[in-house]
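Before any comments, here is the structure.
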Amino acid sequence: MQVKTLILGAGLTGLSTAYHLEQAGETDYLLVEKEAVPGGLCASVQKNGFTYDYGGHLLHLHTPYGKKLVKKLLSKNCALLHRNSWIYTGASRVPYPFQANLWALPAKQRQSCVAEFNHRPVLKNIRTFEQWCLAQFGRGMYEQFFKPYNTKLWGLSPARLTAQWCGPFVPVLSEKELQQSLQKRPRKTYGYNASFYYPKKGGIGALAHALAAKTSHLQLRSPVTAIDLTRKIAVVKGKEIHYRHLVNTLPLDRFICLLKNQKILKKQAKKLKSAGVTLLHLAIARAVEPFSWIYFPEKTVPFYRVGLQSGFSPANAPKGTSLFYIELPGLHKPSASLKKKIWNSLLQKGIINRSDRPVFSAWQHIPAAYAVYDKHRDKTVQTLLTRLRRQDCWCAGRYGRWEYTFMERALLEGKDVAARVKK
């Protein structure tokens, strides 16, 4: 088989690439996906009347084109929601973001935060996330939230993470705004995720299915087992496919493992690190007070975040029930003891009551949920992408480019790479 463009992975970026090729009149492509449904991690599971995603998959749209595209694809199956999130730290419940809601802390902790903020260091040539936090917020806020939470999430101390990823994700306040946050809840909303869109029905997978419906050359249940960049041949489902251009959206380290005769690239790829996540989807027979998600920086709590899946759409759970997604750092073997530990922590934090009973649960594992921004990441990714591009291979998306980013970026990167291929 011969195609002009072969796209690997029907996640959001791969689907967007195929969609935008079709929109440009380019139909000589093939999009291959190993799973039986499109979407990758932007897929939803429907089971026993419940619909759940791979963790919190919400559409944060900040560009006119991104909004236009999503509304075109989902049409009336799209709702605008507003963030209702907070952080449990010690005995305090602090609205998110932490740095904009210091009023919710006990007096002693507030005083520590403001004192350290007023004496924060002036640092040049900031390299680590720790240095960035200290320069922006001071040691008080760093020790109370940023250090424990990010150590828990990434599996590394902020002193071993770079600051390359945090720009869009960690809101920075002016000195006046921070002083005001000591007194009262801010009127202004902070962060890229203050509002978001979500499908009314079908979970986030509805977006992937809407994109797939607009692509005419999607091949499911078709794993890629080998790629020869020199001869421009990929082995898909045991058959050779000859291509002119290759678009990869698979995780970069896994993709490079598939390459033939690329010892240098494979050696480089071993430097890439990722953080895995274990998810427990848990439903109870009670409608809880709606919220978006909650952060848990404490070591004693097994999870780092809990979200309310049924809060994003009533269609995600039967009436009178609530469906949570509970995110644990790392990969854990599902067990009754782990589930009991999670249940007890939810009880302790007041998320569930002693009278509540579980009516549904399901486990998920994401081996490479987050690309780790350690000291090797930037140089390694730049080297790999440059060398792959020289061999007519574009890498795109959160995992193809080994990035920490959100779904709108995946859609826009698909549009961009389609334009490059066409050109």
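The values are calculated or read from the model by the stated rules, or taken from the named source; none is laboratory data. Source: prediction; values computed, not measured. Positions of Cβ are backbone-derived with ideal geometry, glycine not excepted, and every protein chain shown enters the neighbour counts.
Quick grid of which residues meet (1) surrounded by fewer than 20 Cβ atoms within 10 Å (Cβ to Cβ); (2) at pLDDT below 95; (3) under 30 Å from Asn150 (Cβ atoms); (4) not basic (Lys, Arg):
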| site | (1), (2), (3), (4) |
| --- | --- |
| Lys200 | yes, no, no, no |
| Gly203 | no, no, yes, yes |
| Leu211 | no, no, no, yes |
| Thr225 | yes, no, no, yes |
| His242 | yes, no, no, yes |
| Leu246 | no, no, no, yes |
| Pro251 | no, no, yes, yes |
| Lys267 | yes, no, yes, no |
- Query: If only one of Lys34, Lys47 is closer than 19 Å to Leu252 by Cα, of a type in the set (Lys, Arg) and in contact (Cβ under 8 Å) with a residue 12 or more places away in the chain, which one is it?
  - Reply: Lys34
- Message: Can you find a residue that is crowded, with 17+ Cβ neighbours inside 10 Å, more than 24 Å from Asn193 (Cβ to Cβ) and not polar (S, T, N, Q) anywhere in the range 90-112?
- Response: yes
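Looking at the structure I just gave you, is Leu21 more than 20 Å from Ser313 (Cβ to Cβ), assigned by TED's automatic domain parsing to the domain that holds Leu220 and surrounded by 18 or more Cβ atoms within 10 Å (Cβ to Cβ)? So that I can check it myself, show each step before the final result.
Values: more than 20 Å from Ser313 (Cβ to Cβ): yes; assigned by TED's automatic domain parsing to the domain that holds Leu220: yes; surrounded by 18 or more Cβ atoms within 10 Å (Cβ to Cβ): yes.
Yes: the conditions hold for Leu21.
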- Counting only residues in the range 195-242 that are touching a strand residue (DSSP E or B) at 6+ places or on another chain (Cβ under 8 Å) and of a type in the set (S, T, N, Q), the one nearest to Lys76 (Cα to Cα) is identified as Ser195
- Can you name the condition, by its number, that His245 falls short on among (1) in a strand (DSSP E or B); (2) within 18 Å of Gly40 (Cβ to Cβ)? (2)
- Please find, among Thr215, Thr189, the residue that is in a loop (DSSP other than H, G, I, E, B), hydroxyl-bearing (Ser, Thr, Tyr), more than 29 Å from Gly276 (Cβ to Cβ) and in contact with a Lys or Arg (Cβ under 9 Å, 6 or more places away or on another chain). Thr189
- Message: So for the range 161-180 (the condition being among the small types (Gly, Ala, Ser), modelled with pLDDT under 95 and buried (at least 19 other Cβ atoms within 10 Å of the Cβ)), does at least one residue qualify?
- Response: yes
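Step by step: first the residues of the range 291-315, then only those that are outside any strand (DSSP E or B) and of a type in the set (D, E, K, R), then the one that is surrounded by the fewest Cβ atoms within 10 Å (Cβ to Cβ). Which residue is that? Working first, answer last.
Looking only at the range 291-315, we keep the residues that are outside any strand (DSSP E or B), and these are 291-292, 296-304, 309-315.
From what's left, of a type in the set (D, E, K, R): 298-299.
Numbers: Glu298: 15, Lys299: 9.
Only one residue tops the list, namely Lys299.
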- Answer yes if at least one residue in the range 272-282 is surrounded by 21 or more Cβ atoms within 10 Å (Cβ to Cβ), in a helix (DSSP H, G or I), touching a Phe, Trp or Tyr at 6+ places or on another chain (Cβ under 9 Å) and not assigned by TED's automatic domain parsing to the domain that holds Val37, and no otherwise. no
- Query: Do we find that Lys266 is over 17 Å from the mean Cα position of the chain (by Cα), within 30 Å of Thr162 (Cα to Cα) and not assigned by TED's automatic domain parsing to the domain that holds Lys340 in this structure?
  - Reply: yes
- Item | helices (runs of 4 or more DSSP H) completely within the range 59-172 that count 3 or more residues being more than 19 Å from the chain's Cα centre (by Cα) | 64-74, 107-118, 129-137
